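Peer 1: Dumping the structure here so I can ask a few things about it.
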Amino acid sequence: MLIGHFNYWIVVVLMMIGLYIVIAHGNLIKKIVGLVIFQTSVFIFYISMAKVDGGTAPILADDISQYSNPLPHVLILTAIVVGIATTALALSLVVRIKEEYGSIEEQKIQSQDNLSQDKLSQENLSQDNKILVNQSQINQYQTSQAQENQIQEYQQDGKHR
Amino acid sequence: MDFVIIIASGLCLFIGSFLCVVGGIGILRFPDFYTRMHAVGVTETLGAGLILIGLMIISSDLLVFAKLVMVLLLTLLIGPTTSHVLAKAAFVNGLAPKLNSNSHEKNDIEQLSNEENDSSNS
Amino acid sequence: MLLGIYGLLSAIFFVAMDAVDVAFTEAAVGAGISSLLMLVAITMTGRNENTTRHKPISALFIVIITGGLLLYGTFDMPYFGAVEASINSHVVPRYINDSMQEIGIPNIVTSVLASYRAFDTFGEVVVIFTAGIGVLALLSVGRRPKDDDKIASINDSMSEQYLVVRIVTKMLIPFIMLFALYVQFHGDFGPGGGFQAGVIFAAAIILYAMLFGLSTANKVINQTFIELMAALGVLLYGCVGIVSLLNGGNFFDFNVLSNDPIAGQHLGIILIELGVGCTVASVMILIFFNFAGRKELQNNNSNKNEESC
């Protein structure tokens, strides 16, 4: 029972290796390598499901009666080329990240992002502070004006009486 | 006659695969990059060629025979070129061969590598 | 480097699984283009890595749990190579039995890819085209300054060093292109088709660009022309579908493209594979040219910084 399933085990092992590389390494290029390993494990999964005992390649010939399943071949054929195109896009993203941030370590990129985020929020805070300070100054001025007006009224009332 | 053909092709295939294995052992056991390239370049080309010749002898179809001839020609062309390119790239970028303490050869190698670096930089 | 070995091993595995088309593609793409792109990217981003300070125990834990769950999930799947597995019994017998009468080409994979499932292939081609546009958007260099004299002098001084390789390459490149054309048009009868042919053709052009310099390759094949060809491939593919709509059938229904349904299928398949080959080749060449051009830009900037300091 178990021996019949060994191809799925290999697929799961490769998949887990790829997943581990993506999660546990900080270097962006290594993450991309992990993704490639993951992709290939999925291809092997489909192609091993397509194999039929005693079948041959799915090209019609006169003396062959049993063929392997051609449908997964079709899906994986396009998937391989699309995989390389998306890997190329990921690699170009990494190249640009290296140019902008100066490093491809996840920690350093994250800390640079946090720094710039802190700087931005600090600027916002200081602008808010300035607005608040101005507002309180205006309030103080207005209250002092009101107080002077009241004092003048009392004095005039006092003069009247 | 059939028997002779099958024996001949079996012999070619066997010698070819034996040479490929020898090339693999050479990669593992030789001490230096250049000696390894030499081992691989010679044995792999001849090994692949003999395997192809063995297949050509028992090929049933003229079309298969013609395709195998093309593959043999291309292998004979590409194999030595690849080892040449690798060795040249290593030499230009400064990898020096490991020599015995023989001062003549060391001076010659240093002169040659200096010339290569100058012509590539200027 | 190991990616090349990995790709070749998977190609051998695919041959053992009777998947010859897939093995062809994996050998061309995985062992060729993939390791090349990795090398170029590593050239631009550095070879060293910070060692992690913490042991990733939690990642290992997650991976082991997920692996265990997946293994548990595979217990119900059919055995390896079972003839009566459910994936072999619904749509596939129709493809295998009726492909010769309905479409008339021996390679079942090509007939499924290009005729029965042409719409999926259209989507894949558009995805490849989009990836090419993405790389263009991220890495394109713009108008390169015309310093022809400097480049010509570099080429002359290098030509002695690379003499052997240049001559061998000049002999080889016509054969590679011829092989790409053979694979493209022979995809009906043996393993092959548009995807593999596009990758092999791109490999020939990339070989030329690597050995003779990017600017010489630009003079031979203009980057604008390649961008045009990429778009033309997708356009050709879509237009075949629209023409079949205009002739009264469904989208991508090739039976109506000509008087005889079988001839219509043949015509449709040839045109579609041509479109696929054009787009795949152009996108691969574009990706390589942009990576290499970016590297040249980085080199030029660092040289200028050194000169100014």
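Peer 1: For a quick check of your reading of the model, give me the residue pairs whose first member lies in segment A:1-25 and is in the same structural domain as A:Phe43 (by TED's automatic domain parsing), whose second is aromatic (Phe, Trp, Tyr) and modelled with pLDDT of 85 or more, with beta-carbon atoms closer than 7 Å and at least 6 apart or on different chains.
Peer 2: Sorted first by the residue in segment A:1-25, then by its partner, the pairs are A:Val11/A:Phe45; A:Met15/A:Phe38; A:Gly18/A:Phe38; A:Leu19/A:Phe38.
Peer 1: Pull up segment C:96-128, narrow it to residues that are surrounded by 24 or more Cβ atoms within 10 Å (Cβ to Cβ), β-branched (Val, Ile, Thr) and more than 7 Å from chain A (Cβ to nearest Cβ), then point me to the one that is nearest to C:Tyr237 (Cα to Cα).
Peer 2: Per the criteria, the residue is C:Val125.
Peer 1: Name the pairs: first residue in segment C:181-204 and within 11 Å of chain A (Cβ to nearest Cβ) and on the phi > 0 side of the Ramachandran plot, second residue surrounded by 24 or more Cβ atoms within 10 Å (Cβ to Cβ) and aliphatic (A, V, I, L, M), Cβ to Cβ under 8 Å, at least 6 apart or on different chains?
Peer 2: C:Gly192/C:Val183; C:Gly193/A:Leu77; C:Gly193/C:Val109; C:Gly193/C:Leu113; C:Gly193/C:Ala114; C:Gly193/C:Val183; C:Gly193/C:Val276
Peer 1: Every residue in segment A:91-139 that is under 27 Å from C:Val141 (Cβ atoms), part of a helix (DSSP H, G or I) and facing chain C (nearest Cβ under 9 Å), please.
Peer 2: At the first step, the residues of segment A:91-139 found to be under 27 Å from C:Val141 (Cβ atoms) are A:91-105, A:108-109, A:112-113, A:116.
So of that shortlist, the ones also part of a helix (DSSP H, G or I) come out as A:91-101, A:108-109, A:112-113, A:116.
Passing the criteria: A:Leu91, A:Ser92, A:Leu93, A:Val94, A:Val95, A:Arg96, A:Ile97, A:Lys98, A:Glu99, A:Lys108.
Peer 1: When you look at A:Val12, is it aliphatic (A, V, I, L, M), in a helix (DSSP H, G or I) and more than 7 Å from chain C (Cβ to nearest Cβ), yes or no?
Peer 2: no
Peer 1: Further question on the same structure: Considering segment C:100-119 alone, what residues qualify as being within 19 Å of A:Ile76 (Cβ to Cβ) and either assigned by TED's automatic domain parsing to the domain that holds C:Phe24 or not aromatic (Phe, Trp, Tyr) (or both)? Please lay out each step first, then the result.
Peer 2: From segment C:100-119, those within 19 Å of A:Ile76 (Cβ to Cβ) are C:107-119; that's our starting set.
Answer for segment C:100-119, where residues must be within 19 Å of A:Ile76 (Cβ to Cβ) and either assigned by TED's automatic domain parsing to the domain that holds C:Phe24 or not aromatic (Phe, Trp, Tyr) (or both): C:Asn107, C:Ile108, C:Val109, C:Thr110, C:Ser111, C:Val112, C:Leu113, C:Ala114, C:Ser115, C:Arg117, C:Ala118.
Peer 1: Mind listing whichever residues of segment B:58-75 are in contact (Cβ under 8 Å) with a residue 12 or more places away in the chain, of a type in the set (A, V, I, L, M, F, W, C) and more than 11 Å from chain C (Cβ to nearest Cβ)? Let's see the steps before the verdict.
Peer 2: Quick first cut of segment B:58-75, residues in contact (Cβ under 8 Å) with a residue 12 or more places away in the chain only: B:58, B:68-69, B:71-72, B:75.
Next, from what is left, pick out any that are of a type in the set (A, V, I, L, M, F, W, C): B:58, B:68-69, B:71-72.
Scanning segment B:58-75 gives B:Ile58, B:Leu68, B:Val69, B:Leu72.
Peer 1: For residues in segment C:210-253 being of a type in the set (S, T, N, Q) and crowded, with 16+ Cβ neighbours inside 10 Å, which is nearest to C:His266 (Cα to Cα)? Walk me through it before giving the result.
Peer 2: The first filter runs over segment C:210-253 and keeps only residues of a type in the set (S, T, N, Q), leaving C:215-216, C:218, C:222-224, C:244, C:247, C:250.
Pick out the ones that are also crowded, with 16+ Cβ neighbours inside 10 Å and you get C:215, C:218, C:223, C:244.
On the way: C:Ser215: 40, C:Asn218: 36, C:Gln223: 32, C:Ser244: 14 Å.
Within segment C:210-253, the match that is nearest to C:His266 (Cα to Cα) is C:Ser244.
Peer 1: Considering every residue within segment C:68-83, establish whether at least one is surrounded by 19 or more Cβ atoms within 10 Å (Cβ to Cβ) and at the interface with chain A (Cβ under 9 Å from one of its Cβ atoms). Reasoning before the result, please.
Peer 2: First, pick out the residues of segment C:68-83 that are surrounded by 19 or more Cβ atoms within 10 Å (Cβ to Cβ): none.
There is no residue in segment C:68-83 that is surrounded by 19 or more Cβ atoms within 10 Å (Cβ to Cβ) and at the interface with chain A (Cβ under 9 Å from one of its Cβ atoms).
Peer 1: Has segment A:106-117 got at least one residue that is buried (at least 18 other Cβ atoms within 10 Å of the Cβ) and not aromatic (Phe, Trp, Tyr)?
Peer 2: Filtering segment A:106-117 down to residues buried (at least 18 other Cβ atoms within 10 Å of the Cβ) leaves A:109.
Now restrict to residues that are not aromatic (Phe, Trp, Tyr): A:109.
Looking for residues that are buried (at least 18 other Cβ atoms within 10 Å of the Cβ) and not aromatic (Phe, Trp, Tyr), one finds at least one in segment A:106-117, hence yes.
Peer 1: Further question on the same structure: Has segment A:45-57 got any residue that is surrounded by fewer than 19 Cβ atoms within 10 Å (Cβ to Cβ), at the interface with chain C (Cβ under 7 Å from one of its Cβ atoms) and within 18 Å of the chain's Cα centre (by Cα)?
Peer 2: For segment A:45-57, residues surrounded by fewer than 19 Cβ atoms within 10 Å (Cβ to Cβ), at the interface with chain C (Cβ under 7 Å from one of its Cβ atoms) and within 18 Å of the chain's Cα centre (by Cα): absent.
Peer 1: Residues in segment C:1-32 that are assigned to a helix (DSSP H, G or I), more than 20 Å from A:His25 (Cα to Cα) and touching a helix residue (DSSP H, G or I) at 6+ places or on another chain (Cβ under 6 Å): how many?
Peer 2: 19
Peer 1: Can you run down the residue pairs with Cβ atoms below 8 Å, 6 or more apart or on separate chains, where the first is in segment B:3-22 and in contact (Cβ under 8 Å) with a residue 24 or more places away in the chain and the partner is in a helix (DSSP H, G or I) and among the charged types (D, E, K, R)?
Peer 2: Pairs that qualify, where the first residue is in contact (Cβ under 8 Å) with a residue 24 or more places away in the chain and the partner is in a helix (DSSP H, G or I) and among the charged types (D, E, K, R), are B:Leu19/B:Glu44; B:Cys20/B:Glu44.
Peer 1: So, in segment C:24-37, how many residues would count as being buried (at least 24 other Cβ atoms within 10 Å of the Cβ) and more than 15 Å from C:Ile285 (Cα to Cα)?
Peer 2: Number of matching residues: 4.
Peer 1: Does A:Val74 qualify as being at pLDDT 85 or above, closer than 26 Å to C:Phe288 by Cβ and at the interface with chain C (Cβ under 8 Å from one of its Cβ atoms)?
Peer 2: Details: at pLDDT 85 or above: yes; closer than 26 Å to C:Phe288 by Cβ: no; at the interface with chain C (Cβ under 8 Å from one of its Cβ atoms): yes.
Answer is no for this residue.
Peer 1: From (1) within 11 Å of another protein chain (Cβ to nearest Cβ); (2) touching a helix residue (DSSP H, G or I) at 6+ places or on another chain (Cβ under 8 Å), pick out the condition that doesn't hold for B:Ala89.
Peer 2: Here B:Ala89 clears every test but (2).
Peer 1: Right, next: Would you mind telling me which numbered condition in (1) in contact with a helix residue (DSSP H, G or I) (Cβ under 7 Å, 6 or more places away or on another chain); (2) at the interface with chain C (Cβ under 7 Å from one of its Cβ atoms) A:Ser41 fails?
Peer 2: It is condition (2) that A:Ser41 fails.
Peer 1: Which members of segment C:177-188 meet the condition of being touching an Asp or Glu at 6+ places or on another chain (Cβ under 7 Å) and in a loop (DSSP other than H, G, I, E, B)?
Peer 2: Within segment C:177-188, just C:Gly187 meets the criteria.
Peer 1: When you scan segment C:189-265 for helices (runs of 4 or more DSSP H) that lie fully inside it, which ones turn up with 1 or more residues that are under 28 Å from A:His73 (Cβ atoms)? First the steps, then the outcome.
Peer 2: Numbers: elements: C:194-212, C:214-220, C:223-246.
Filter on segment C:189-265 gives C:194-212, C:223-246.
Peer 1: Follow-up. Picking from C:Val29, C:Val40, which residue would you name as being β-branched (Val, Ile, Thr), at pLDDT 80 or above and more than 24 Å from C:Gly192 (Cβ to Cβ)? Don't jump to the end; show me each part of the working.
Peer 2: Numbers: C:Val29 fails: more than 24 Å from C:Gly192 (Cβ to Cβ).
None of the others qualify; the one that does is C:Val40.
The values are calculated or read from the model by the stated rules, or taken from the named source; none is laboratory data. Bear in mind that the values here come from a model prediction, so they are computed numbers and not experimental data. Cβ atoms come from the backbone with ideal geometry, glycine included; neighbour counts cover every protein chain shown.
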